[in-house]
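**Student:** Take a look at this one; I'll ask things after.
The values are calculated or read from the model by the stated rules, or taken from the named source; none is laboratory data. Nothing here was measured: the structure is a model prediction, and the numbers come from that model. No Cβ is skipped: glycine too gets one built from the backbone with ideal geometry, and neighbour counts run over all protein chains shown. Protein only, heavy atoms only, side chains kept; ligands, DNA and RNA dropped before computing areas. Shrake-Rupley method; radii C 1.70, N 1.55, O 1.52, S 1.80 Å.
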Amino acid sequence: MSIHIGAAPGEIAETVLMPGDPYRAKWAAETFLDDVVQVNSVRGMLGFTGTWRGNRVSIQGSGMGMPSLSIYANELIRDFGAKTLIRIGSCGAMQEHVKVRDIILAMTATTLSTPSRGIFRELNFAPCADYPLLRRAADAAGSRDVATHVGGIYSSDVFYDERPDLNDQMTRHGILGVEMEAAELYILAARHGARALAVLTVSDHLLTGEALPSDQRETSFGDMVEIALEAAFES
Ligand code: HPA
């Protein structure tokens, strides 16, 4: 047990998928894993462990935003020995050529600040994905009927943004999409010798205002979960 994860020692796998939404953790575990056991319910932040093609894997909700993700990622790595952490989540597209339902594999995550800001101070650390995970995810996505983009994303501190000029600069500099968690996940993985990747489904579009209808969310999110699982385990 750790402070925010009620699992017993050994109940969490070395590979953990991390959706922001705890109910999406439940849906993904029940849909894609075998022999599923619920291992966490503290604060409703559901976590599950099961197997995928014989490989042990956990799916633990992270909550929204980097401070929340930081709590769960820290405890997963330091208290439960997680070694591979893959965020599965949604993002808003920031480029015309990126469409709703597309998948983004986040090679880097630009931020204004993260919970690690206090460590880096004046240094602009460059949070980046684990390359073998990224390459395998790109291969897995390439064999599916889903448009996939690999590149930089923006991990914002706010959903309701009062600085549209920053989004404009992100678009101008080729950033593919915006979400709120990946940068700190990459920083924590780097700090603790783990590996991390964010596989994101585009749920809305900042330039066109389009949004994924709720009845189409599950199939799009299913591709993302399978890409993350295929990336995590060598076939
Ligand atoms: N902003 C931040 N996070 C998000 C968004 C957004 O527009 N869409 C999905 N996650």
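**Student:** Which count do you get for residues in segment 192-208 that are open to solvent by 10 Å² or more (accessible area, probe 1.4 Å) and of a type in the set (Ser, Thr, Tyr)?
**Tutor:** 1
**Student:** Check every one of the strands (runs of 3 or more DSSP E) wholly within segment 5-115 and list those with 2 or more residues that are out of contact with any Pro (no Cβ under 7 Å at 6 or more places or on another chain) and open to solvent by 40 Å² or more (accessible area, probe 1.4 Å).
**Tutor:** Numbers: elements: 15-19, 34-40, 47-52, 55-60, 84-93, 103-111.
The strands (runs of 3 or more DSSP E) meeting that bar are 34-40, 55-60, 103-111.
**Student:** Also, I was wondering about something else. Which residues, taken from segment 104-118, are modelled with pLDDT under 95 and either under 28 Å from Ala147 (Cα atoms) or not small (Gly, Ala, Ser) (or both)?
**Tutor:** Leu112, Thr114, Pro115, Arg117, listed by residue number.
**Student:** Scan segment 140-167 for residues that are among the charged types (D, E, K, R), in contact (Cβ under 8 Å) with a residue 60 or more places away in the chain and within 16 Å of the ligand (Cβ to nearest atom) and jot them down.
**Tutor:** Asp157
**Student:** Are there any pairs, at least 6 apart or on different chains, whose C-beta atoms fall under 6 Å, with the first in segment 194-213 and touching a residue at least 24 places away in the same chain (Cβ under 8 Å) and the second of a type in the set (S, T, N, Q) and in a strand (DSSP E or B), and if so, which?
**Tutor:** As it stands, the answer is Arg195/Thr84; Thr201/Ser90; Ser203/Ser90; Leu212/Ser203, since those pairs meet every condition given.
**Student:** Would you check if there is a residue in segment 210-223 being basic (Lys, Arg) and more than 14 Å from the ligand (Cβ to nearest atom)?
**Tutor:** No, every residue in segment 210-223 fails to be basic (Lys, Arg) and more than 14 Å from the ligand (Cβ to nearest atom).
**Student:** Let me spell it out: the conditions are (1) of a type outside the set (Gly, Ala, Ser); (2) surrounded by fewer than 24 Cβ atoms within 10 Å (Cβ to Cβ); (3) closer than 29 Å to Arg56 by Cβ; (4) touching a strand residue (DSSP E or B) at 6+ places or on another chain (Cβ under 8 Å), and Thr219 meets all of them except one. Which number is the exception?
**Tutor:** Among (1) of a type outside the set (Gly, Ala, Ser); (2) surrounded by fewer than 24 Cβ atoms within 10 Å (Cβ to Cβ); (3) closer than 29 Å to Arg56 by Cβ; (4) touching a strand residue (DSSP E or B) at 6+ places or on another chain (Cβ under 8 Å), Thr219 violates only (4).
**Student:** Assess whether Asp145 counts as being over 19 Å from Pro67 (Cα atoms) and at pLDDT below 95.
**Tutor:** Numbers: over 19 Å from Pro67 (Cα atoms): yes; at pLDDT below 95: yes.
So Asp145 passes the test.
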